[in-house]
Amino acid sequence: MNQPALTLGALDGHALFTFLDLAGTFAFALSGAVAARERGLDWFGVLVIAFTVACGGGVLRDLCIVAIPPAGLADWRYLLAAVIAAALTMASRGLVERLAHPVVLFDTLGLGLFAVTGAQKALLFGSNAEVAVLLGMVTAVGGGVARDVLLNRVPVILQREIYASAALVGAAIATFGDALGLASPALTWCAVAACFALRMASLRFRWNLPRFKRRREPDAVDSLQERE
């Protein structure tokens, strides 16, 4: 199946789309590699986690829009970006550790970049605005979910933190801005910045989505009384 020509104004041509997609791949790979190293995985494990985080969401998006084969598997540059990020993390431990909360920083950067490029690619393949926004979110959070599952952690999007919501905001700005005829490189960067700023602000000021209170688990005494 031939892919459609890249004509969406928000991408400003194929060069901007490729740059954003590879930048997001590199940022997510860094977050995955740092998390894997902190879990004590070996070099191969770090590489696997880095690639899974970097390309997992994009592969899922491409399968949904029938962009076969997925770019993350067909384009060697995505694998190279993940390998470089993993190698940099393993070789420059001191440099990465000097950054404040490196996993959060790199993950948030990738979140914004992938939310925007994911939505824009969905539009290029004929998806409507609503589907494009959802696929933008899937592109952004898919790799992070895979990382958390493989590292035996509760996925961030299932917690009360503002994570997937930030991706939705970035994807929505890019998608509906284009629908209103405002597509431009400036809009693309504004959408990325909005997602990044919302995520970082939520962490800084402890903004959380409301959640239900967990019901009290029956203790041993209650269970014994019920059996009697």
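The values are calculated or read from the model by the stated rules, or taken from the named source; none is laboratory data. Please read all numbers here as calculations on a predicted model, not as lab measurements. Note that each Cβ is placed from the backbone with ideal geometry, even for glycine, and that neighbours are counted across all protein chains shown.
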**OP:** Note down all Cβ pairs under 6 Å where the first residue falls in the range 53-80 and is under 14 Å from residue 143 (Cα atoms), the second is polar (S, T, N, Q) and surrounded by 17 or more Cβ atoms within 10 Å (Cβ to Cβ), and they're at least six residues apart or on different chains.
**Re:** 54/25; 57/139; 58/139; 61/139; 78/25
Original post:
Which one of these is crowded, with 20+ Cβ neighbours inside 10 Å and modelled with pLDDT of 85 or more: 193, 166?
Top reply: 166
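Considering each residue of the range 133-149, count those that are of a type in the set (D, E, K, R) and surrounded by 24 or more Cβ atoms within 10 Å (Cβ to Cβ), and give that number.
Total meeting the criteria: 1.
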Subject >> Contacts under 6 angstrom Cβ, first residue in the range 119-132 being closer than 9 Å to residue 175 by Cβ and surrounded by 24 or more Cβ atoms within 10 Å (Cβ to Cβ), partner at pLDDT 90 or above and not aliphatic (A, V, I, L, M), 6 or more apart >> reply: 119/136; 119/175; 132/175
Subject >> Every pair of residues 6+ apart whose Cβ atoms lie under 7 Å, when the first sits in the range 150-171 and is among the polar types (S, T, N, Q) while the second is surrounded by fewer than 16 Cβ atoms within 10 Å (Cβ to Cβ) and modelled with pLDDT under 85 >> reply: 165/209
